[in-house]
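Let me begin by presenting the structure, written as structure tokens, before commenting on it.
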Amino acid sequence: MTPPSAPVALPHKIATLLYVFDDADRVLLIERAREPNRGLWSPPGGKLETATGESPWACACREAREELGLHLQPHELHLAGIITEHGYAASAHWLMFLFEVRPRCSRLPPPIDEGRFAFVSRDDLATLPIPDTDRTAIWPLFWKHRHAFFAAHAHRHPNGSQTWTLESPPPPEPLAATATPALPNPNPAPDPDPDPDPATAVPPAEGTPVIDRTSDHFFMGEALRQAARAYHNDEVPIGAVIVHNGRIVARAHNQVECLGDATAHAEILAITQAETAIGDWRLNECTLYVTKEPCPMCAGAAVHARLGRVVFGAPDPKAGCAGGALNLLQFPAFNHRCAITGGIRESECRQLLRSFFAEQRRRPSDPLPSSEVRQDTDTA
């Protein structure tokens, strides 16, 4: 029997794509003047300057300035999606960050060495020559999840075909009332019938746990799933979801190491998603569920976003700002105060943090993620 071949060692490249719209909701595209996509239309963008430690947000702002003449700040970018591509053209593995630019742009940028620009309607996009991967996967995913978030993976096979996997958002899965896993499944199976017809629904047998999908316990379980995703990605396992009118409108987990961004805490990313999902930066009718008591930055963001309520799992008496070290969420001088509920599924949230940092300490060659999260190991 022939032994399987070893995986091909390919370079890893990181890029950003900018989705810029005008007042008529037409998207700005560039007709590429250089290979590999010469003559094809795609969103503007470019590769990260990894040698300088540039973050995806910084790269997107730089590309907007250099190619489009737009001077953007990171908060004017909405992270619409992340795509990983295995073995592109058998030459590289790609990690692509897709950003939608919040401000509308009606000025057509002048041509550059990379190509010429045009605003294109969604209908006209179907008639343009664009890369096959964009046509078959990236554009459909972007339109479907626009104003929210998606993550997808493309695996290139030796014969040139691709297999796509949608990795986020995860489908819902009921949680057994008695289940308390140390590490929740980050990729739950779909619920076979999430909204059964009440006329035909079979009542649960006597003694069967009934799952209340409006309870703090349930929504904290969804935050724990996000924390598990962070754990598997070697990020400090903190997850968050935001709920509006009984529906989850945002899911996020810590991505500080992945994005190289100290502000990429689960709460910050979730707040940005929720604001986009409901179309308002004021989240008065929303509840944030997070697996650890928020830090000063995240507590401040919750107040500024006017969150109605904050629910957390594990307390942080050393650095928490929902009553642990101090209470910024209800600071008397602020013009908004959030209702607070703490200790929901505390043991599971705490154990996840403890397991992560115990594993980190067993790997002495690897630095702990950051000074801020080192406090979490002491407090959790």
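The values are calculated or read from the model by the stated rules, or taken from the named source; none is laboratory data. It should be emphasised that the depicted structure is a prediction, and the values quoted were computed from it without experimental measurement. Virtual Cβ from ideal backbone geometry, glycine too; neighbours counted across all protein chains shown. The protein model used for the area step is the full one, side chains on, heavy atoms only, and it has no ligands, DNA or RNA in it. Shrake-Rupley method; radii C 1.70, N 1.55, O 1.52, S 1.80 Å.
Here are the numbers for this structure:
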| quantity | calculated |
| --- | --- |
| Entirely in the stretch 242-346, the strands (runs of 3 or more DSSP E) that have 3 or more residues that are among the aliphatic types (A, V, I, L, M) | 247-253, 309-314 |
| Residue in the stretch 1-29 that is modelled with the highest pLDDT, counting only those that are outside any strand (DSSP E or B) and of a type in the set (A, V, I, L, M) | Val20 |
| Residue in the stretch 48-62 that is open to solvent by 80 Å² or more (accessible area, probe 1.4 Å) and modelled with pLDDT of 90 or more present | no |
| Cβ pairs under 8 Å, 6+ apart, first in the stretch 226-243 and over 23 Å from Leu283 (Cβ atoms), second among the β-branched types (Val, Ile, Thr) | Glu235/Val256; Val236/Val256; Val236/Val373; Pro237/Thr291 |
| The stretch 129-158 residues that are closer than 17 Å to Thr16 by Cα and without any contact (Cβ under 8 Å) to a residue 24 or more places away in the chain, paired with ones that are crowded, with 17+ Cβ neighbours inside 10 Å and of a type outside the set (Asp, Glu) (beta carbon under 9 Å, 6 or more apart) | Trp139/Leu125; Trp139/Ile130 |
| Hits in the stretch 100-152 - residues which are touching a His at 6+ places or on another chain (Cβ under 7 Å) and either of a type in the set (A, V, I, L, M, F, W, C) or surrounded by 18 or more Cβ atoms within 10 Å (Cβ to Cβ) (or both) | Glu100 |
| From Ala322, Ala274, Ala301, residue being open to solvent by less than 20 Å² (accessible area, probe 1.4 Å), touching an Asp or Glu at 6+ places or on another chain (Cβ under 9 Å), in contact (Cβ under 8 Å) with a residue 12 or more places away in the chain and among the small types (Gly, Ala, Ser) | Ala322 |
| Residue match in the stretch 228-237 (condition: open to solvent by less than 10 Å² (accessible area, probe 1.4 Å) and either of a type in the set (Ser, Thr, Tyr) or more than 13 Å from Thr291 (Cα to Cα) (or both)) | yes |
| Tally, over the stretch 26-38, of residues that are in contact (Cβ under 8 Å) with a residue 12 or more places away in the chain and either within 15 Å of Val120 (Cβ to Cβ) or in contact with a strand residue (DSSP E or B) (Cβ under 6 Å, 6 or more places away or on another chain) (or both) | 8 |
